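Have a look at the structure below, then the notes.
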Amino acid sequence: MKNWLYEGKEVTSIEELPQDSFGFIYVTTHIPSNRAYIGKKALYHNIKRKLTKKELAEQTWPGRKPTTKIVSKESDWKTYFGSAKPIQALLKEGKQDEFKREILKVVNNKKLLTYYECKYLFMMGVLEYPETYFNDNILGKFFTRDFGVANED
């Protein structure tokens, strides 16, 4: 599987990205068809984990004690290609090597992640050119069908 490219270099770990990175905007390109998918990916996600018996016993404050805690965990960003159904179908067929994955912009918070994803999607005109992009909507609000063009997939 090919690694992510950022500023012309391969990225294999979070340490190779800017220090306060929260996530990134990316483009995944299917090389044989020259179609691309633009999306966003967070580097971490939070999961709720039950406290161990030892952790529960160590709680000393009065009142009701929590039984879970939120733990930050690295996401699947290293193996991620995009959420578009056509991309998922190609990956199921084992065609990972037909893709090029590039990081367009690294951001440091969740709000900017969504902002820059939308900015790139509108700038690139992904809904107007379904023959070039796998994206078929922006924010679940704007769709290729709004332009009178249908996505082949």
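Every number here is computed from the coordinates shown, using simple stated rules; none is lab data. Given the structure is predicted, the values throughout are model-derived calculations rather than measurements. For neighbour counting, all protein chains shown are included, and Cβ atoms are generated from backbone atoms with ideal geometry for every residue, glycine included.
A few points about this structure:
- Compactness of segment 21-96 as Cα Rg over 2.2 N^0.38 Å, two decimals: 1.74
- Segment 80-142: C-alpha gyration tensor shape, a/c 1.5 cut-off, then a/b vs b/c: oblate
- For the peptides 49-56, 33-40, the ranking by mean Cβ contacts within 10 Å, running from highest to lowest, is 33-40, 49-56.
- Secondary-structure-derived ellipticity at 222 nm for the chain, considering helices only, amounts to -5000 deg cm²/dmol, per-run term -39500 (n - 2.57) for DSSP H runs with n ≥ 4.
- Springs between Cα atoms under 10 Å define the GNM used for the chain, and in it the highest mean-square fluctuation of Ala42, Ala89, Ala57 occurs at Ala57.
- Other-chain or far-sequence residues with amide H under 5 Å of Phe22's (modelled H): Val107, Asn108, Asn109
- Stokes-Einstein translational diffusion, the chain - Kirkwood Rh over all Cα pairs, 1.567 mPa s, 4 °C, in µm²/s: 73
- Spacing of the two label points (7 Å from each Cα toward its C-beta) at Thr67 and Lys100, in nm: 5.3
- Evaluated with a Cβ-only charge set (Lys, Arg +1; Asp, Glu -1), segment 62-142 carries a dipole of roughly 780 debye about its Cα centre, given to the nearest 20.
- GluC sites (Glu not before Pro) within segment 7-36: DSSP coil, no more than 15 neighbouring Cβ in 10 Å: Glu7
- Between helix 110-124 and the chain: long-axis angle, C-alpha atoms, 0 to 90°, nearest 10: 0
- Given charges at beta-carbon only (K, R positive; D, E negative), |dipole| of the chain in Debye: 1080
- Hull volume in cubic angstrom per residue (convex hull over the Cα atoms of segment 1-44): 88
- Across the chain, the mean sequence separation of Cα contacts (distance under 8 Å, 6 or more residues apart), normalised by length, yields a relative contact order of 31 percent.
- Under the Debye formula (equal points on every Cα, no solvent term), log10 I(q)/I(0) of segment 70-114 at q = 0.18, 0.24, 0.27 Å⁻¹: -0.74, -1.02, -1.10
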